[in-house]
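Engineer: What follows is a single structure, and I will ask about it in a moment.
The values are calculated or read from the model by the stated rules, or taken from the named source; none is laboratory data. A quick note: this is a predicted structure, and the numbers were derived from the prediction, not measured. Here Cβ is always computed from backbone atoms with ideal geometry, including for glycine, and neighbour counts include all displayed protein chains. The protein model used for the area step is the full one, side chains on, heavy atoms only, and it has no ligands, DNA or RNA in it. Shrake-Rupley method; radii C 1.70, N 1.55, O 1.52, S 1.80 Å.
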Amino acid sequence: MLFDPYKIGDLPLSNRVVMSPMTRSRAVENNVPGDLVATYYAQRASAGLIITEGTSPSPDGLGYARIPGLFDAKTAAGWRGVADAVHAKGGRIFVQLMHTGRVSSELNLPPGARVVAPTDVTLAGEMYTDVQGMQPHTKPHALTDAEVESTIEEYVTAGRLAREAGLDGVEIHAANGYLGEQFLNAGINTRTDRWGGSAENRNRFVVEIARRLAGAIGASRVGIRISPYGVFNGTGAFEGVDAQYLALVKELSALGLGYVHLLDHSAMGAPPVPEALKSTLREAFHGTFILAGGFTKDSAEAALVERRADLVAFGRPFLANPDLVERLRAGHPLAEADASTFYTPGEKGYTDYPPFAG
Ligand SMILES: Cc1cc2nc3c(=O)[nH]c(=O)nc-3n(C[C@H](O)[C@H](O)[C@H](O)COP(=O)(O)O)c2cc1C
């Protein structure tokens, strides 16, 4: 089944192998993806669907060094180059909208931008900056009600820019402890206004982004990534987590969203997402359901055959194997990803992984 075609709404995919979103920190020129980024994605265009690296809808969300943005003419022009290169090879590509929120250092932000989050609590620990190496996270500014609204509108503008640039759609990043999950997670979001204090209120930020994006670019061109039970970036399960995610997914289903992309990071050391929650969410969502995290050809095939998912996403295998789909199909061995070049600028460990040579 992995190699069978599929459709998300009206968008035909040539197979069911998705490339997981992976930050690569190669947008070296003012957070604009350039030719090297276009080459990297074009090399991987045989994926049924590419989901790009996390890309900020706002200057405020550029918390990591050299991650791309999508909020003005220059960043959109960079993404046009990427979309054209992938489409020229017959691929499909959604851009992942990742606002880093409090997972940020002001040293990584462009002039005039600031670190923002649902509350002003600083994330523990340090992060890498190009200018001063490892630095503590910056204390965030707690968004006011009006600023939450304008932040939501930044996502909507990014969605419009994405489609104008020729990208096939957008994925809302509501996983891994970035801004979306900072609102969802009761351990982080202690607001008492309409954006916090209850499951419905904590879901509101993400639901409003989804609703307005669906109105702007069409619901089937909008997906979302979630990681309940993840522990990355100060997250973790909280009381009522299952019920909150079920309510969230029901609302997204009612909006007719293109897909829900559920990430289980247990392959990377996090607690597993309970199987019962996965199947409850799968049943509650009437669109496409994508599973990600630690998949092999056999486990992906099993997930499809058992109808636990419609599509399966691969991360690290795609990073090291530009021709992953062909290798899986032919049963060729897979190259291992080199973690030392995950986030370094330049071609090494990026565009120099060769296709299978036999
Ligand atoms: C280098 C690297 C960068 C990543 N960046 C992102 C990201 O920008 N957004 C995201 O949602 N997940 C990100 N992830 C998580 C992957 O999308 C994926 O879920 C994870 O690697 C587990 O899947 P795998 O076992 O197939 O690699 C990243 C993973 C890696 C290895």
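Engineer: Only loop residues by DSSP count here, and only those with at most 14 other Cβ atoms within 10 Å; note down the GluC sites (Glu not before Pro) in region 245-344 that meet that.
Structural biologist: Qualifying residues, ordered by number: GLU306, GLU336.
Engineer: Further question on the same structure: What accessible area per residue, rounded to a whole number of Å², is obtained for region 1-131 using a probe radius of 1.4 Å?
Structural biologist: For region 1-131, the per-residue accessible area is 34 Å².
Engineer: Now, a different point. Which lysines have a Cα less than 28 Å from the Cα of LYS74, not counting those fewer than 8 places away in the same chain?
Structural biologist: Cα-Cα hits under 28 Å: LYS89, LYS348.
Engineer: Do the sum for the chain: with -39,500 (n - 2.57) for every DSSP H run of n ≥ 4, divided by all residues, what is the mean residue ellipticity at 222 nm, to the nearest 500 deg cm²/dmol?
Structural biologist: The helix contribution divided over the chain gives -10000 deg cm²/dmol.
Engineer: Over the C-alpha atoms of region 269-314, what are the Rg and the largest Cα-to-Cα span, Dmax, in Å?
Structural biologist: 10.5, 30
Engineer: Please compute, over every Cα-Cα pair in region 245-358, the percentage with a separation greater than 17 angstrom.
Structural biologist: Percentage above 17 Å: 62.
Engineer: Taking H placed 1.01 Å from N in the peptide plane, check which residues at least 5 places from SER25 or on another chain put their amide H under 5 Å from its amide H.
Structural biologist: Those lying under 5 Å, H to H, from SER25: there are none.
Engineer: Then there is this: Give, rounded to the nearest 20 debye, the magnitude of the charge dipole that the chain has about its Cα centre when Lys and Arg contribute +1 at Cβ and Asp and Glu contribute -1 at Cβ.
Structural biologist: For the chain, the charge dipole is close to 440 debye.
Engineer: Still on this structure, please answer the following. Students often check this: by mean Cβ neighbours within 10 Å, which of 62-71, 84-93, 158-167 ranks highest, and how do the rest follow?
Structural biologist: Result, highest mean Cβ count within 10 Å first: 62-71, 158-167, 84-93.
Engineer: Charges on Cβ only, +1 for Lys and Arg, -1 for Asp and Glu, centred on the Cα centroid of the chain; of THR23, ASN203, VAL222, which one is farthest towards the dipole's positive end?
Structural biologist: Positive-most Cα among the choices belongs to VAL222.
Engineer: Turning to a different aspect of this structure: Taking the DSSP beta bridges in region 1-125 as the whole, what percent of them are antiparallel, to the nearest 5?
Structural biologist: 35 percent
Engineer: Counting C-alpha atoms alone, how compact is region 68-108: give Rg to one decimal and Dmax as a whole number, in angstrom.
Structural biologist: When restricted to the Cα atoms of region 68-108, Rg and Dmax are 13.2, 39 Å.
Engineer: Considering the alpha-carbon set of region 145-292 alone, what are its Rg and its Dmax in angstrom?
Structural biologist: Both quantities, over Cα of region 145-292: 14.5, 41 Å.
Engineer: At R0 = 22 Å, how high is the FRET efficiency between VAL28 and VAL121 if r is their beta carbon distance? Nearest 0.05 is fine.
Structural biologist: Values: r = 32 Å, r/R0 = 1.44.
Approximately 0.10, to the nearest 0.05.
Engineer: Taking Cα pairs under 8 Å and at least six residues apart, what relative contact order does region 1-85 come out at, in percent?
Structural biologist: 31 percent
Engineer: Order THR190, THR144 by their accessible area, 1.4 angstrom probe, all chains in place, largest first.
Structural biologist: I get THR190, THR144, largest accessible area first.
Engineer: Over region 230-285, average the accessible area per residue using a 1.4 Å probe and give it in Å², no decimals. Could you put the intermediate results ahead of the total?
Structural biologist: Working: 2380 Å² over 56 residues.
In whole numbers, region 230-285 has 42 Å² accessible per residue.
Engineer: Could you check what % of the DSSP bridge pairs in the chain are antiparallel, to the nearest 5? Can you show the working numbers first?
Structural biologist: Working: 8 of 41 bridges.
Of those bridges, close to 20 percent are antiparallel.
Engineer: Dipole magnitude of region 1-95 about its Cα centre, charges +1 at Lys/Arg Cβ and -1 at Asp/Glu Cβ only, in debye to the nearest 20?
Structural biologist: On the way: 10 positive and 8 negative charges, 46 e Å.
It comes to approximately 220 debye.
Engineer: Something else: Give the Cα extents of region 117-172 along the principal axes, in whole Å, largest first.
Structural biologist: Projected onto the principal axes, the Cα atoms of region 117-172 cover 37, 30, 17 Å.
Engineer: How large is ³J(HN,Hα), in whole Hz, for each residue of region 2-12 in order, when computed from phi with the Karplus curve 6.51 cos²θ - 1.76 cosθ + 1.60 and θ = phi - 60°, using x for Gly and Pro?
Structural biologist: Result, ordered by residue: 3, 9, 7, x, 7, 10, 9, x, 9, 9, x Hz.
Engineer: How far, in nm, would the chain grow between ALA243 and ALA302 when pulled straight, counting 0.36 nm per residue and subtracting the alpha carbon separation?
Structural biologist: 18.5 nm is the gain from fully extending ALA243 to ALA302.
Engineer: Assign unit charges at the C-beta atoms only (+1 for Lys and Arg, -1 for Asp and Glu), then state the dipole size of region 135-224 relative to its Cα centre in Debye, rounded to the nearest 20.
Structural biologist: Values: 10 positive and 12 negative charges, 25 e Å.
About 120 debye.
Engineer: Using a probe of 1.4 angstrom, how much of the accessible area of region 143-203 is carbon and sulfur, in percent?
Structural biologist: Heavy-atom surface of region 143-203 belonging to carbon and sulfur, 1.4 Å probe: 48 percent.
Engineer: Using alpha carbons only, what's the Rg to Rh ratio of region 1-128 with Rh from Kirkwood?
Structural biologist: A ratio of 1.03.
Engineer: Choose one of VAL273, ILE290, GLY234: the residue whose Cα lies farthest towards the positive end of the charge dipole of the chain (beta-carbon charges +1 Lys, Arg; -1 Asp, Glu; about the Cα centre).
Structural biologist: ILE290
Engineer: Let me ask something else about it. Any idea what % of Cα-Cα pairs in region 118-210 are farther than 18 Å?
Structural biologist: Working: 2275 of 4278 pairs.
Tail of P(r) above 18 Å: 53 percent of Cα pairs.
Engineer: If you don't mind, there's one more thing I want to ask. With θ set to phi - 60°, apply the Karplus curve 6.51 cos²θ - 1.76 cosθ + 1.60 along region 217-225 and write out the HN-Hα couplings as whole Hz, x wherever there is a Gly or Pro.
Structural biologist: Ordered by residue, 3J(HN,Hα) equals 10, x, 4, 6, 8, 10, x, 9, 10 Hz.
Engineer: What is the calculated FRET efficiency for THR39 to THR190, with r their C-beta to C-beta distance and R₀ = 41 Å, to the nearest 0.05?
Structural biologist: Values: r = 44 Å, r/R0 = 1.08.
For R0 = 41 Å, the calculated efficiency reads 0.40.
Engineer: Whose amide H sits under 5 Å from the amide H of HIS141, counting only residues 5 or more places off or on another chain, with H placed in the peptide plane?
Structural biologist: Residues meeting the criterion, in which the H sits 1.01 Å from N, are VAL115, VAL116, ALA117.
Engineer: Also: Ignoring ligands and nucleic acids, what accessible area does LEU324 show with a 1.4 Å probe (Å², nearest 10)?
Structural biologist: So the heavy atoms of LEU324 present about 0 Å² to solvent.
Engineer: Run through all the Cα pairs of the chain and give the fraction in each 20 Å bin from 0, expressed as whole percent.
Structural biologist: 32, 62, 6, 0
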